[in-house]
Structures are given as C-alpha cells and as structure tokens.
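A.B. asks: Got a structure for you, questions after.
The values are calculated or read from the model by the stated rules, or taken from the named source; none is laboratory data. As the structure is a computational prediction, the values presented were derived from the model and not from experiment. Cβ atoms come from the backbone with ideal geometry, glycine included; neighbour counts cover every protein chain shown. Just so you know, the surface numbers come from the protein's heavy atoms only, side chains and all, with ligands and any DNA or RNA stripped out. Shrake-Rupley method; radii C 1.70, N 1.55, O 1.52, S 1.80 Å.
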Amino acid sequence: MPADTPRLTRPDGQKPKTGIIHLGLGAFYRAHGAIYIQEAMQASGGDWGIIGVSLMRPDQRDALAPQDFAYTAVEMGPKGETARVIDVLNGVLVARENPQAVLDAMAAASVKIVSLTVTEKGYCHEPSSGRLNRNHPDIVHDLAHAEQPTSAIGFLVRALEKRKSAGLPPFTVLCCDNLPENGRVVRGVVLEFAELISAELKDWIAAQGAFPSTMVDRIVPATKPEDITALSAKTGFYDASPVMHEPFRQWVVEDTFVHGARPDLGAVGVQLVDNVTPFEHMKLRCLNGTHSSLAYLGYLAGHETIADTVADPVFATFCKALWDQEITPGLHAPQGVSLADYTRALFERYSNPAIRHRTWQIAMDGSQKLPQRILGTIAENLAANRSIKGLALAVAAWMRYVGGVDEKGEVIDVRDPLAARLKSLSDAAATPREKVEALLAVREIFPASLAQNTAFTSALIENYSRLATQGARKTIEELQA
Ligand code: CS2
C-alpha cells in the first residue's frame, strides 16, 4: 500500500445485523448480490448484513479486514466510471482455517439465508447428470468429518443438521451460480448428501427447506493490480480489494423463501418470479454460451479480452450468427422479452472497452461449463434439424484449448478440475479423429447420446483439423463463407 494514501474505512462505522451468510466471496457476488442487498436495506430496512465465507484462501479476509470489510464497487461504462463504497459485509470467515466458526455462523438463529457463488465445480456434482459425485474427495472427506467440512455441500448439510437439532427452521439456500435450474441442482445434491447421513435429516430438509432458483447477470472481470492503483489515485483512498463491473445487472429469483424471510429485493429491481427457467436458459445459452465460444476461439486467435475479440469483425459476425442461427431459434423467451433486443444489448455489453474481461478467465473450468452453456443447445438443435456448425466449432476449440498448446506453439495455462486428465487423453491420441473421440468419451461432460451422434462427431473432427492446420480466425472465416 502506498505510504501516504489513507486506507478506505467503513463510512459510518455502523454494521447491520447479520441475516445472510454468503459462501464463496468472489468479485462477482461483491459486485452483484451484495450491492442489491445493500440497496434493499437502504430502501426498506431489515437485518440483512452479510458474513462472507472464503472456502479456501485467506486473501479476501486479509484484504478487507483492515478496511472493516468496506470496499469500492466501480461501475465501468463505455464513457466513464463511477465509484461507490459498499458496506454491507460484517466480516469474512475462512473455512479452511476455522470450519467450526463457519458452521456456528450458519446455525445462528438470526441467519435466514445462505447464498452461494462457489462456481460450477463447487457443487461436487456431475455436470452432465446433475447428481452428487459421491467419489469426489471433498464429499468423501465431509461424510467422514462432521465438524470439519471442506465443501459447500458439506457446510450446507452440516449446518442444517445443527439447526434441526437446535429446533430452528432451515435457512433458505440461494444459489447464485450459472447452473441451469440452480436451486433444483443444489437441492438435489444437498438431499443426496443428507440421506447418506440420515433419512430423517433428508426428510426434514426436503419438507422445510427452500432452494429458490435464480438467474444472475453482471459482467465482473477479476480485479487487476492496475485497477487498484488507478482507483486509489482517483479517490485518494487505498482499497486493497475493489470490484470492477459493467453498468448492466439482472437478478431473477423464485420467490420461495423459508417463511418468506428475505430482503425487499423487489424494491431494487430484482425480478421475483414463479419459474426462473426461461430466464436461465436465455442467459446461460445467449450470454455464457457465446462467452465461452468467444473465449476459446478468441484465445486461440491471440485475443486477450472479449472486447478485443468482438472488435474483430470476423468474430463479431460469428457471435451474431451463433445467436441468430443456432441459439435463439430453440429458446422460449420469457414473457415480454424480445430475444433480438436481448442479444443486441449483449453485443453492446461485450463491446464495452472499459471491461477488460480476459478470454483466459472465461476459458477456465470448461468441463463444468460446456454442458449448460453449449451442449444442451447442440443436442436440441440436432433433434430439431437445426444448424450446429458454429457451436460445434466452439466445442472443437475447447478441445484444442485443453490440449494445452496455442497457435504459436506456446503452453496454455489450462485451469480446470479435469485439466490433467483432459491433457493426457489428448496427448495419448495421434490424429484429430482420435483426439476428438478420446475427449468425447469423458462422460461427466458429454452424455453418451451426444457423443455417439455422427453429425456432431464429424463436425468436431472436421473443425478440429481445420483449427490445427489453419488457426481459429481463418476457420471461422471459412465457416461463414
Ligand atoms: C463468464 C461469466 O467467467 C465466465 O465463465 O461467462 O462469469 C459471465 O461474465 C457472467 O455469468 C455474466 O453474468
């Protein structure tokens, strides 16, 4: 920290009472859910202060504690930025250091909601089926160690167990990750895990618990060191952990909270609905589907960010064609929403030059993301005789990417829970056909019905070969010709 710059502090020193525990305190939640909650309390009151939990690393706690857990949210518009201080966090716990403190916090009577952004892989489920992966090392560990969970699922179930023994109602589990029907997925894995402990616990959670599904949206790139320096030069305060976000935000939530206990989300623009599925499909397939496609292809072509990628006309045309020809034709738009307007606005968001969202960041954890972002659309298009050509190219680009070498022959830092396995499958195969077939055999990602579809398989082999011989940009150009 620069010696002469004072540290950011909590503006009025007051902390709201804690009503929410949030597992997975990354930049996304601090730039999205936390801001909505702060605004909801400003609008209508309520005891909805938040204790954040980092499951593994102490970095967030260490950065935020000296500023009493206040931080700056910087809205980056195409024409300039505005900063404001968010002071809805009451503290940050680090689960690895003190799991008991996390369980105690979750079991407190004042806590009504436990929300989560633990990323797709944090649910220890099989992405292709949605079922709990009982062989996951964290799940095996958490079943054997009641007082020291490591996984989000372990924490949820053990804390619910404590509440049951104390005669308290369960908390609402509010999943804010990019999974389809995210509430239903979490409910499924929580109940599977609970049943392995006791049928009675499972029945209690099933009968009394609530797992509303949600759709969350705001583009929040990881904060870079230069963002921190620029912000302190601007505000005159040093904030070790600001968040940088786009102006757009959306939160659609099913209104099924335990005893109806929640902040006044409706007062601050959250859409409270009976069924979030049409919103989730639209967002996961239109936004995240093209985000991942642009991330793999853009990275291979040497583009650093999404804004750089869509500034390249070949990629811009490709992205729009994905929406118009492959993604939106099979979608049921939520009532009152025009998919053409939605994708037009999305393109503007991608083009925002102030948001430096790295293709490498979005490319992470593809094994956990492809099913809901891309493969579902491909399976439906095949069944309905619609085109899959652009999406098949995106999957082939992912296959190239996990092979670990870019178009200049340089090593790619592939971050994925299956990275080692994917690389060794790719390395052991010689030809494009063998590589594609080896990767298609990973059942956690590709369901058998899709992996055995010959139209899909041959499109992948063809695209993979082209990517390998002529690179991503030229392959896209030819696809469009
Ligand atoms: C991105 C998302 O990193 C990624 O995989 O696609 O984080 C995306 O920015 C958000 O879902 C936008 O709401």
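A.B. asks: If contacts are Cα pairs under 8 angstrom and at least 6 residues apart, what is the relative contact order of the stretch 108-175 in percent?
C.D. replies: 41 percent
A.B. asks: Suppose every Lys and Arg Cβ carries +1 and every Asp and Glu Cβ carries -1, with no other charges. What dipole size does the stretch 277-480 come out with about its Cα centre, to the nearest 20 debye?
C.D. replies: Values: 22 positive and 22 negative charges, 32 e Å.
Dipole of the stretch 277-480, to the nearest 20 debye: 160 debye.
A.B. asks: Just want to confirm a number: the relative contact order over the chain, from Cα pairs under 8 angstrom separated by 6+ residues, in percent.
C.D. replies: Numbers: 858 pairs, mean separation 69.8, N = 481.
So the answer I get is 15 percent.
A.B. asks: Residue by residue, what Karplus-based ³J(HN,Hα) values in Hz, rounded to whole numbers, does the stretch 77-83 have, using 6.51, -1.76 and 1.60 with θ = phi - 60° and x for Gly and Pro?
C.D. replies: Residue by residue, the stretch 77-83 yields x, x, 10, x, 10, 10, 10 Hz.
A.B. asks: Take the alpha carbon gyration tensor of the stretch 161-208, find the square roots of its eigenvalues, order them as a ≥ b ≥ c, and report rounded if a/c is under 1.5; if not, report prolate when a/b exceeds b/c, else oblate. The partial results should precede the final answer.
C.D. replies: On the way: a/c = 2.76, a/b = 1.59, b/c = 1.73.
Cα axes put the stretch 161-208 in the oblate bin.
A.B. asks: Please state the charge dipole magnitude for the chain, taken about the Cα centre, from unit charges on C-beta atoms (+1 on K and R, -1 on D and E), reported in debye and rounded to the nearest 20.
C.D. replies: Working: 48 positive and 55 negative charges, 38 e Å.
Here the size comes out at about 180 debye.
A.B. asks: Same structure, new question: Residues in the stretch 283-325, backbone N under 13 Å from the label point at Lys389 (7 Å along the Cα-to-beta-carbon vector): list them, ranges by number please.
C.D. replies: Residues 318, 321-322, 325 qualify, since their backbone N sits under 13 Å from the label point.
A.B. asks: Right, here's the next one. With the Cα gyration tensor of the stretch 277-480 giving a ≥ b ≥ c as the square roots of its eigenvalues, does the rule (a/c under 1.5 for rounded; else a/b larger than b/c for prolate; else oblate) give rounded, prolate or oblate? Intermediate results must be reported in sequence, preceding the final value.
C.D. replies: Values: a/c = 1.64, a/b = 1.24, b/c = 1.33.
Cα axes put the stretch 277-480 in the oblate bin.
A.B. asks: Take Ala144 and Lys474, extend 7 Å from each Cα along the Cα→Cβ direction, and tell me the distance between the two endpoints in nm.
C.D. replies: Placing both labels 7 Å along Cα→Cβ, they lie 5.3 nm apart.
A.B. asks: Now for a different question. Taking the Cβ of Thr457 as the centre, find all other residues whose Cβ is under 11 Å away and add up their charges (Lys, Arg: +1; Asp, Glu: -1). Working shown, then result.
C.D. replies: On the way: positive: Arg433; negative: Glu437, Glu462.
Neighbourhood net charge equals -1.
A.B. asks: Another question, then. On the accessible surface of the chain, probed at 1.4 Å, how many percent belong to carbon and sulfur atoms?
C.D. replies: Values: 9740 of 18960 Å².
Ligands and nucleic acids excluded, carbon and sulfur give 51 percent.
A.B. asks: Short version: ³J(HN,Hα) in whole Hz for each residue of the stretch 387-394, in order, from phi by Karplus 6.51 cos²θ - 1.76 cosθ + 1.60 (θ = phi - 60°), x for Gly and Pro, what are they?
C.D. replies: Here the 3J(HN,Hα) series is 5, 10, 5, x, 5, 5, 5, 4 Hz.
A.B. asks: Taking H placed 1.01 Å from N in the peptide plane, check which residues at least 5 places from Asp217 or on another chain put their amide H under 5 Å from its amide H.
C.D. replies: Here the answer is Gln250, since their amide H atoms fall under 5 Å of that of Asp217.
A.B. asks: Provide the per residue accessible area, probe 1.4 Å, for the chain, rounded to a whole number of square angstrom.
C.D. replies: Details: 18960 Å² over 481 residues.
It amounts to 39 Å² per residue over the chain.
A.B. asks: Another one. I want to make sure I understand the PRE zone here: with the label point 7 angstrom from the Cα of Lys224 toward its beta carbon, which residues in the stretch 351-377 have backbone N atoms less than 20 Å away?
C.D. replies: From the stretch 351-377, the list is 351-364.
A.B. asks: Between the helical axis of 199-208 and the dominant principal axis of the chain, each derived from Cα atoms, what acute angle in degrees is found, rounded to the nearest 10?
C.D. replies: That helix lies at roughly 90 degrees to the long axis.
A.B. asks: Right, something else. I want to check the label-to-label distance for Asn98 and Ala65. Put each point 7 Å from Cα in the C-beta direction and report it in nm to one decimal.
C.D. replies: Label-label distance for Asn98 and Ala65, simple model: 0.8 nm.
A.B. asks: Quickly estimate the mean residue ellipticity at 222 nm for the chain, helices only: each DSSP H run with n ≥ 4 gives -39500 (n - 2.57), and the total goes over all residues, rounded to 500.
C.D. replies: Value at 222 nm, helices only: -13000 deg cm²/dmol.
A.B. asks: Normalising by the residue count of the stretch 18-273, find the relative contact order in percent from Cα pairs under 8 Å and 6+ residues apart. Display every interim value, and only then the final one.
C.D. replies: Numbers: 504 pairs, mean separation 59.5, N = 256.
Value for the stretch 18-273: 23 percent.
A.B. asks: Tally the DSSP beta bridges in the chain and give the antiparallel ones as a percent, rounded to 5. Don't skip to the end; give the middle numbers.
C.D. replies: Numbers: 14 of 40 bridges.
DSSP beta bridges in the chain are roughly 35 percent antiparallel.
A.B. asks: I'd like the distance separating the alpha-carbon centroids of the stretch 227-296 and the stretch 29-72, in whole Å.
C.D. replies: 14 Å
A.B. asks: Using packing as a proxy for protection, rank 395-407, 4-16 so that the peptide with the highest average count of other Cβ atoms within 10 Å comes first. Could you put the intermediate results ahead of the total?
C.D. replies: Values: 395-407: 22.6, 4-16: 12.8.
Descending mean neighbour count gives 395-407, 4-16.
A.B. asks: Rounded to the nearest 10 Å², what accessible area does Thr256 have for a 1.4 Å probe in the complete protein model?
C.D. replies: Only protein atoms counted, so the area is about 70 Å².
A.B. asks: Just to be sure I understand the model, the point goes 7 Å from the Cα along the line to the Cβ. What's the resulting Gln42 to Gln250 distance in nm?
C.D. replies: 2.4 nm
A.B. asks: Ok, one more. By how many degrees, 0 to 90 and rounded to 10, does the Cα axis of helix 339-351 deviate from the longest principal axis of the chain?
C.D. replies: On a 0 to 90 degree scale, this one is about 80.
A.B. asks: Hey, another quick one. Kindly rank 459-468, 443-452 from highest to lowest mean number of other beta carbons found within 10 Å of each residue.
C.D. replies: Details: 459-468: 21.5, 443-452: 16.3.
With the highest mean Cβ count within 10 Å placed first, the list reads 459-468, 443-452.
A.B. asks: Considering only the other residues whose Cβ falls under 9 Å of the Cβ of Ala240, what net charge follows from Lys and Arg at +1 and Asp and Glu at -1?
C.D. replies: Working: positive: Arg7; negative: Asp62, Asp239.
Local net charge: -1.
A.B. asks: Please work out how much length the chain gains when fully extended from Lys320 to Arg443, using 0.36 nm per residue of separation minus the C-alpha to C-alpha distance, in nm with one decimal. Provide the component values of the computation, followed by the final result.
C.D. replies: Details: separation 123, 0.36 × 123 = 44.28 nm, distance 3.04 nm.
Additional length available on full extension: 41.2 nm.
A.B. asks: Let me ask something additional. Cα gyration tensor of the stretch 27-81, axes a ≥ b ≥ c as square roots of the eigenvalues: rounded (a/c below 1.5), prolate (a/b > b/c) or oblate? Please report the intermediate quantities before stating the final value.
C.D. replies: Working: a/c = 2.01, a/b = 1.11, b/c = 1.80.
The shape class here is oblate.
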